[in-house]
Structures are given as C-alpha cells and as structure tokens.
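Peer 1: Structure provided below as structure tokens; questions to follow.
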Amino acid sequence: MIDALRGFPSDPAALAALNHREAAGWLLADGWNVCGVGDWATVWRSPDGALAARVSPFEPAYAVFVHLCRALPGNPLLPRIELDSPLEGGGRLTVMEALVPAEKDTAAEVWKRWDRADPADPVAAVRAEAERLDAEAAQAVPYWGGLDRNPSNVMATPSGEPRLVDLFYAKGLEIYGELLKDPANVLAAFPPDRRRHMAEIGAVVRLSSPAEIAALRALAAG
C-alpha cells in the first residue's frame, strides 16, 4: 500500500466495517484535510497533496464510476483509483489521484471530443464503456439517473491534463422527496444495511430543517 494510505486497515473486510464517520476519523488522524463538500460526499486531500479521498454516508451510484475507471486502466481521460471500498451502512470510500478544476475551455473541448467519438481518441473508449455501464445500471441500481455531462465533471491534474470524474448520478431529489412523502418505495429499494446513514449526506445536512432531518432519520431507520 502506498505511503499515503498506510493509515487505513489493510484487511478489506475491516475497512468495509468502518462507517463514514470512522473512515473520516482515519483520514483526520493521518493528517488529511477536507478540501471539498458536495451534495453526497466530503473530499479529503492527503498530507502530501497527491491523493484525494471521497467519503460518502450513502452512495447508490458511485461504484459504477469506479468500475468504469478500473475497466479502462491507463486511459488518460480517467483518474487513477488507488483504493475503493463500501462502508458500513451503505457509504463508500474512494481514494484517487488529486485533481483540480479544469479550465472552461479545456472542459468544453473534452465534451466536443466525446461527441465526435473518434476511435483514435481515448475518449471514445470512455464513452463506449460509460454508455454500456449506464445501460446496465439503469436496470440494476435503484433511482438511477444516468450519465452526467456537467462541465464541472471535467477536472485536471496539477499539470493540466484533463480527467473525467463523477460521470454517473442517482436521482437524489426523487429519493429524498419520496422518502418524506411516500417512503415505501425507497425502503424497498434500499435494504436497511444500505441506507442506515442516508440522512447524513451533505445536501440533507446543509439544506434540511431540524424537523426534516429528524423525519428523514426516522424513516431511513424504518
């Protein structure tokens, strides 16, 4: 295991037994720092700046992106994944090379290349595999949203090389709206061991009232 990851349990089962708070505790104790907070996850950067760790309390979709990266190792448009593990209660930890926001022109050009899908361009392989995984996930992942071509999903290495990230999404607004109004479908879609911490994602914690948070926690535990 590379130096920046030596703080984690080396046994995959022990790592998967951690919840998102415990995983974040390992990062904090090892000198990692929070560098980003999104709707689903918190991102931590390693002490040497080389790696980023994404920690989510509830993650129905991100494994598909990891599968994409691992299906095309060495593709210059995809980040290098160093570690990926489910977490107790339905969360996920993914450690990859650290990236920075790409220039707008760089991002626009990557999506133009995606549309052209020139077989000689590495982006063509990414698009083909992403579309294949999207079709599979639409049949297997509850509340699957599909491919996400948000401009911010093009990032860059410190030297400016573009990387595609977070290419898939789950329908978060639908999941949480339905959980409050008609929870039966959500509870059926996500067994208790996959939704234990779903009321702790960033969007819920930042945007919900105390009453809504309490209701979501109670429903997720139902």
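The values are calculated or read from the model by the stated rules, or taken from the named source; none is laboratory data. Keep in mind the model is a prediction, meaning the values are calculated, not measured. Here the Cβ is made from the backbone with ideal geometry for all residues, glycine too, and neighbour counts use every protein chain on show.
Peer 1: Can you name the number of the only condition in (1) closer than 29 Å to Ala98 by Cβ; (2) aliphatic (A, V, I, L, M); (3) exposed (fewer than 12 other Cβ atoms within 10 Å of the Cβ) that Ala203 fails?
Peer 2: (3)
Peer 1: Something else now. Has the range 46-65 got any residue that is buried (at least 22 other Cβ atoms within 10 Å of the Cβ) and over 28 Å from Gly145 (Cβ atoms)?
Peer 2: yes
Peer 1: Continuing with the same structure: Pick out the one residue from Phe8, Phe58, Phe65 that is outside any helix (DSSP H, G or I) and within 14 Å of the chain's Cα centre (by Cα).
Peer 2: Numbers: Phe8 fails: within 14 Å of the chain's Cα centre (by Cα); Phe65 fails: outside any helix (DSSP H, G or I).
Answer to the selection: Phe58.
Peer 1: Out of Gly31, Gly74, Gly89, I need the residue that is surrounded by fewer than 15 Cβ atoms within 10 Å (Cβ to Cβ), in contact (Cβ under 8 Å) with a residue 12 or more places away in the chain, outside any helix (DSSP H, G or I) and not assigned by TED's automatic domain parsing to the domain that holds Pro191. Which one? If you could, list the steps in order and put the result at the bottom.
Peer 2: On the way: Gly74 fails: in contact (Cβ under 8 Å) with a residue 12 or more places away in the chain; Gly89 fails: surrounded by fewer than 15 Cβ atoms within 10 Å (Cβ to Cβ).
One residue alone meets the criteria, Gly31.
Peer 1: Additional query: Out of all the residues in the range 106-125, is one or more more than 17 Å from Leu72 (Cα to Cα), aromatic (Phe, Trp, Tyr) and more than 17 Å from the chain's Cα centre (by Cα)?
Peer 2: Yes, some residue in the range 106-125 is more than 17 Å from Leu72 (Cα to Cα), aromatic (Phe, Trp, Tyr) and more than 17 Å from the chain's Cα centre (by Cα).
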